[in-house]
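Here is the structure we will look at.
The values are calculated or read from the model by the stated rules, or taken from the named source; none is laboratory data. This structure is a prediction, so every number in the text was calculated from the model and none was measured. When we count neighbours, we look across all protein chains shown, and the Cβ atoms used for this are built from the backbone with ideal geometry, even at glycine.
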Amino acid sequence: MGDKTMTADEVVARLRTGMTLGIGGWGSRRKPMALVRALLRTGITDLTVVSYGGPDVGMLAAAGRIRKLVTAFVTLDSIPLEPHYRSARERAGFELTEVDEGMFLSGLRAAAHRLPFLPVRAGLGSDVMRINPGLRTVTSPYEDGETLVAMPALRMDAALVHVGRADRLGNGQCLGPDPYFDDLFCEAADAAYVSCERIVDTAELTKEAPPQSLLLKRLTVTGVVEAPSGAHFTSCAPDYGRDEAFQRLYASTPWPDFAGRFLGGDEEAYRSAVREWRKEQER
């Protein structure tokens, strides 16, 4: 219950090849990109990734780190389909389990409550059941006798999420309009690592926003990383919006070229490369 502050490199040093890794955020919104970039600097591979996917999935897929992906979508929001994910999928780079968004949420809730599954109507009468033959249905034991999908729990070895503020104990604050289920990712994982724009004293967490903005509880958080602009190029409202220009660059650049220019060093090298690119656009 003491000081849980860590560096991004210390976080990824605790991850292992073959793990099931949850990544919070939604599409191209509040993704823990500094932690993803740190992960890409390691040799960790053969991951099962659980995510409402965005560039986190795109980068890990392009780098060949994913063995299996569990998702409801992979999008950049303003760019409907994540192009590096699409390329990896087209060359059959990993196994895919694709479910309805509501089913995915039920899987997170089941895992957070340590249940084997939760019954859900979502998916019935759709191709979700056809493309996922491992899914099962259950019959209600009550008078209605309704048939429901038994969505299995999405248990994870570790989860990575990003929020606006956190304290050193692991309490995390969401200042934006949508929590994106990051609390469930932390509760569903055996270990949860939170990056944030700024680490503040516990008393300050309720000065900037009301108590209900306290999204993450310290009991479910293993480590906290201060990472200013740690969601770039995704958004982290209200601190900053999505960097649309840089996202377009990412989406239109062959992966080896993008990785070579922006991901060849540490996080400061990434920021420096982004600053240099911006200067080039102003010339």
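Observations on the structure shown:
- Qualifying residue in the range 191-199 (condition: part of a loop (DSSP other than H, G, I, E, B), among the hydroxyl-bearing types (Ser, Thr, Tyr), modelled with pLDDT of 95 or more and under 20 Å from Gly54 (Cα atoms)): no
- As a summary of the residue check, Gly54 satisfies the conditions (1) surrounded by 23 or more Cβ atoms within 10 Å (Cβ to Cβ); (2) more than 21 Å from Gly172 (Cβ to Cβ) except for the one numbered (2).
- If you filter the range 194-217 down to residues that are surrounded by fewer than 19 Cβ atoms within 10 Å (Cβ to Cβ) and charged (D, E, K, R), you find that the one that is nearest to Ala34 (Cα to Cα) is Arg198.
- Residue among Ala245, Ala192, Ala209, Ala259 that is in contact (Cβ under 8 Å) with a residue 40 or more places away in the chain and aliphatic (A, V, I, L, M): Ala259
- Strands (runs of 3 or more DSSP E) enclosed by the range 1-114 - at least 1 residues per element that are among the acidic types (Asp, Glu): 95-98
- Under the condition of being free of Cβ contacts under 8 Å to residues at least 60 places away in the same chain, touching a Leu at 6+ places or on another chain (Cβ under 9 Å) and not hydroxyl-bearing (Ser, Thr, Tyr), the residues counted in the range 96-109 number 6.
- For the range 117-161, the tally of residues that are within 19 Å of Lys68 (Cβ to Cβ), of a type in the set (D, E, K, R) and part of a loop (DSSP other than H, G, I, E, B) stands at 1.
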